[in-house]
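First up is the structure itself, then whatever we jot down about it.
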Amino acid sequence: MLLEELQKLVAAGESEKLEFKKTTGQRTEAAKTVCALLNGLGGFLLFGVSDKGEIAGQQVTAKTLEDISLELRRIEPPAFPEIETISIGNDKAVVVIRVSGKMSTYCYDGRPYIRHGPTTQIMPREEYEKRVLVKFHAHRRWENELAPNWVTIQDLDEDEIQATLQNAISLGRMKKPTHTDSESILRGLGLFDDGHLINAAVALYGKSERLFTSYPQLTIRLARFRGTDRLGGFMDNRNYWGNGFDLSRRGESFLLDHVPISGRVVPGKMIREDYPLYPSLATREALANSICHRDYTTPGGAVAIAMYDDHLEIINPGIFHFDMTPEKLTRPHESKPWNPIIASVFYRAGVIEKWGMGTLNIIDWCKENGNPKPTWEVRAESVVTTFLPSSFFSTGKRPEEQARKAEKARPESRPESRPESRPESRPESLENEVLNLIKDGPLSKGEISQALGHKRISGGLKKVLISLLKEERIAYTIPEKPNSRLQKYKFNK
């Protein structure tokens, strides 16, 4: 580092990544800060700079640097930050310690430290324990620990195992293996370790009742509450124990029982349009994510669905890991499942979508159904996904219709604000009926006539269509062939 670079660094002032110490006599406090920088985003510690940012420097000898190194050796596990000396003249220098942040669990004298702004503090116990879990997650976690020795394949749902294989093959997410017995399938899915079943196998396929005492957390709680909170009591309350696939189906069935669906018949269409209060694809994905990413270490933990008059919650025990936040879930992000083995099997079976896309798909499905964007939060050591009702239930309009209505409400979008004049002889009521029909999708002249109940055919309808085409309020679907038998009219946005 050059002196000019040092001056520029100091001018920025102390921060989460920069700490000043006037002399190496403060090396004990400095070592705590180095520990905190290792546990954070990294940064610099400068000896020879006052709290006010004055570059005074100090005399630096070989013993000075040795004393600093000895102090840093009290950090565990061993860390070796880069130490550099920068001369500022008058036989004085600034000692620069450059630290690479590792977001880890380093300790100084047995205590972990962390930076909060420009200050160094002892890391809270909860944060330390969370980081320890993440640190060892790749090698040791609940799902890849061995199941009790008495657990055998006979305790698992072999029909479900075969169904997973068939679904994975049909979706192209797994090649057909040479051997298709249950044990071979489980080994192919990574559910054996050293010849023994692992916990993930039980979480995914456990069926035998004798598993319950060792795996009580394989539970889902389903409730429909009166009112907008739990004080109103239950309208329906169910609890089930089972494997991940079974719990997913139980949750979906409960939602089918309690989520109302509004539908309408659209003129010109044979199939009724249905809009559920909450989109089934989105709630299904959220439920599957809860089973995949939950914390299985707490015996009393359970996935839960709580439905109220004004919102729906899908809850799983656990917290966000790997620096994930609710905000990141709403943007493209890398998938780091807490239970990657369970998540991998769910993905192969077609229960969840492509990793890292689940929450984005949930948002899109809600938008298509007229629901506000769902929210994610940590509440009482659980991750809660909250859905709000579709606006279709309050307006009776599809999402795209509401958007058009909002657009038309703008003064510059109203027909009367347009410079074109309308022929006074045109039948306005017929024009509006035609436009309302075409807004819901392209229709032929015959389909429009049929939708109007054959009240106005031939001349009157033809005049309206010609006039609307001239004003470019509607358009041909096949403009190059205006007389084609397949010709239809579409709304010109």
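The values are calculated or read from the model by the stated rules, or taken from the named source; none is laboratory data. Predicted model only: the values in this text are computed from it and were never measured. Note that we place each Cβ from the backbone using ideal geometry, even for glycine, and neighbour counts take in every protein chain shown. Ligands, DNA and RNA are excluded from the accessible area calculation, which covers all protein heavy atoms including side chains. Shrake-Rupley method; radii C 1.70, N 1.55, O 1.52, S 1.80 Å.
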> Looking at the range 437-459, which of its residues are at pLDDT 75 or above and surrounded by fewer than 13 Cβ atoms within 10 Å (Cβ to Cβ)?
Replying inline: G446
>> Taking the conditions exactly as written (open to solvent by 20 Å² or more (accessible area, probe 1.4 Å), within 11 Å of the chain's Cα centre (by Cα) and of a type outside the set (F, W, Y)), does P299 satisfy them or not?
In response: no
> In this structure, is R140 closer than 30 Å to N339 by Cβ and out of contact with any Leu (no Cβ under 8 Å at 6 or more places or on another chain)?
Replying inline: yes
> With respect to the numbered conditions (1) open to solvent by less than 60 Å² (accessible area, probe 1.4 Å); (2) closer than 21 Å to A288 by Cβ; (3) modelled with pLDDT of 95 or more; (4) not aromatic (F, W, Y), which one is the sole condition not fulfilled by G190?
Replying inline: (3)
> Can you find even one residue in the range 348-362 that is outside any loop (DSSP other than H, G, I, E, B), more than 15 Å from the chain's Cα centre (by Cα) and closer than 20 Å to A306 by Cβ?
Replying inline: no
>> Being of a type outside the set (K, R) and at pLDDT below 90 is the filter here; which residues of the range 330-339 pass it?
In response: T330, P332, H333, E334, S335, P337, W338
> Going by the conditions given, is T164 farther than 30 Å from K17 by Cα, β-branched (V, I, T) and open to solvent by 60 Å² or more (accessible area, probe 1.4 Å)?
Replying inline: no
>> Looking at the range 190-230 only, could you name the residues that are over 20 Å from S248 (Cα atoms) and basic (K, R)?
In response: R210, R226, R230
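Results for (1) out of contact with any strand residue (DSSP E or B) (no Cβ under 8 Å at 6 or more places or on another chain); (2) free of Cβ contacts under 8 Å to residues at least 24 places away in the same chain; (3) within 16 Å of A302 (Cβ to Cβ); (4) crowded, with 17+ Cβ neighbours inside 10 Å, shown as yes or no for each residue.
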| site | (1), (2), (3), (4) |
| --- | --- |
| L171 | yes, no, no, no |
| A200 | yes, no, no, yes |
| P216 | no, no, yes, no |
| G227 | yes, no, no, no |
> Does any residue of the range 20-40 turn out to be among the acidic types (D, E), open to solvent by 10 Å² or more (accessible area, probe 1.4 Å) and in contact with a helix residue (DSSP H, G or I) (Cβ under 6 Å, 6 or more places away or on another chain)?
Replying inline: no
>> Checking the condition open to solvent by less than 50 Å² (accessible area, probe 1.4 Å) and assigned to a loop (DSSP other than H, G, I, E, B), which residue from P337, P332 passes?
In response: P337
> Would it be correct to say that G13 is crowded, with 18+ Cβ neighbours inside 10 Å, of a type outside the set (S, T, N, Q) and in contact (Cβ under 8 Å) with a residue 12 or more places away in the chain?
Replying inline: no
